[in-house]
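Reading through the structure tokens given below for one structure.
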């Protein structure tokens with residue numbers, strides 16, 4: 001089936017409010033040239049303190065979509081309580097978010113996030129009416145040990161445990177080859193597509209072929225304007241979760257435009 005591609009920019013811990021506003025305006029000026037059906041699903045994920053500097057851009061063509069969506073970079077699974085420094089799904093929805101990134105390799109590495117925590121977050125996000133972008137991936141050590149597929153399959157099964165097929169179908173997965181991010185090593189598009197196809201197979205085992213055909217699976221390994229067309233030409237890559245190249249409007253807009261040529 002045809003899946004609408006996603007281009008998502010993860011701004012990570014970057015940009016003060018004025019800079020975030022300027023970047024948002026640069027992206028807005030580009031996507032405003034088109035109706036939403038002409039665009040991929042475009043998502044930006046600023047830091048929490050800059051959520052008030054961005055806004056989703058509804059399309060006026062009657063399609064019911066937006067030209068630009070907003071994501072949070074994390075959430076807590078509880079609705080409220082004594083969880084200092086955390087934000088609930090309801091709070092993020094109130095701040096204008098439609099998506100939440102969870103399970104990012106940096107959260108797993110630096111903040112000891114477990115598969116169980118990511119599963120709780122996914123359930124809370126879906127219950128709150130938002131869409132999770134669930135990250136998975138392997139380290140260099142895991143890759144060299146030959147456990148890439150089994151490790152990622154385990155992450156996916158844990159993240160989706162107890163979630164209905166309907167909710168899985170509307171979720172998003174992002175594959176991050178951790179070993180290829182900022183290391184000088186590269187994950188070629190054929191290998192990325194192979195792993196993503198394997199992930200889709202795991203989803204089919206969990207939730208059935210319809211959910212596997214519907215779910216959008218992104219590639220998140222140092223995506224740049226120079227690489228996006230080849231990546232988007234592959235059968236199972238449905239878009240990209242972009243870090244550094246999303247921090248400049250010119251490069252992010254270039255990625256959007258090239259995706260439109262290849263896959264929209």
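The values are calculated or read from the model by the stated rules, or taken from the named source; none is laboratory data. These figures come from a predicted structure and were not determined experimentally. Neighbour counts run over all protein chains shown; Cβ positions are idealised from the backbone, glycine included.
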Among residues of the range 159-180, those that are within 18 Å of the chain's Cα centre (by Cα) and assigned to a helix (DSSP H, G or I), counted: 7
Test: residue 100 is in contact with a strand residue (DSSP E or B) (Cβ under 7 Å, 6 or more places away or on another chain), assigned to a strand (DSSP E or B) and free of Cβ contacts under 8 Å to residues at least 40 places away in the same chain: yes
Counted residues, the range 1-34 - those being within 30 Å of residue 211 (Cα to Cα), modelled with pLDDT of 95 or more and either out of contact with any helix residue (DSSP H, G or I) (no Cβ under 9 Å at 6 or more places or on another chain) or crowded, with 19+ Cβ neighbours inside 10 Å (or both): 8
Selection count where residues are more than 16 Å from the chain's Cα centre (by Cα) and part of a loop (DSSP other than H, G, I, E, B), scope the range 182-226: 8
Test: residue in the range 128-143 that is part of a helix (DSSP H, G or I), under 17 Å from the mean Cα position of the chain (by Cα) and surrounded by fewer than 21 Cβ atoms within 10 Å (Cβ to Cβ): no
Members of the range 228-252 found to be in a helix (DSSP H, G or I) and either surrounded by fewer than 20 Cβ atoms within 10 Å (Cβ to Cβ) or at positive phi (or both), listed by number: 229, 230, 244, 249, 250, 251
Residue in the range 12-22 that is farthest from residue 68 (Cα to Cα), counting only those that are touching a residue at least 40 places away in the same chain (Cβ under 8 Å) and within 19 Å of the chain's Cα centre (by Cα): 14
Residue in the range 41-61 that is surrounded by fewer than 21 Cβ atoms within 10 Å (Cβ to Cβ), touching a helix residue (DSSP H, G or I) at 6+ places or on another chain (Cβ under 7 Å) and touching a residue at least 40 places away in the same chain (Cβ under 8 Å) present: no
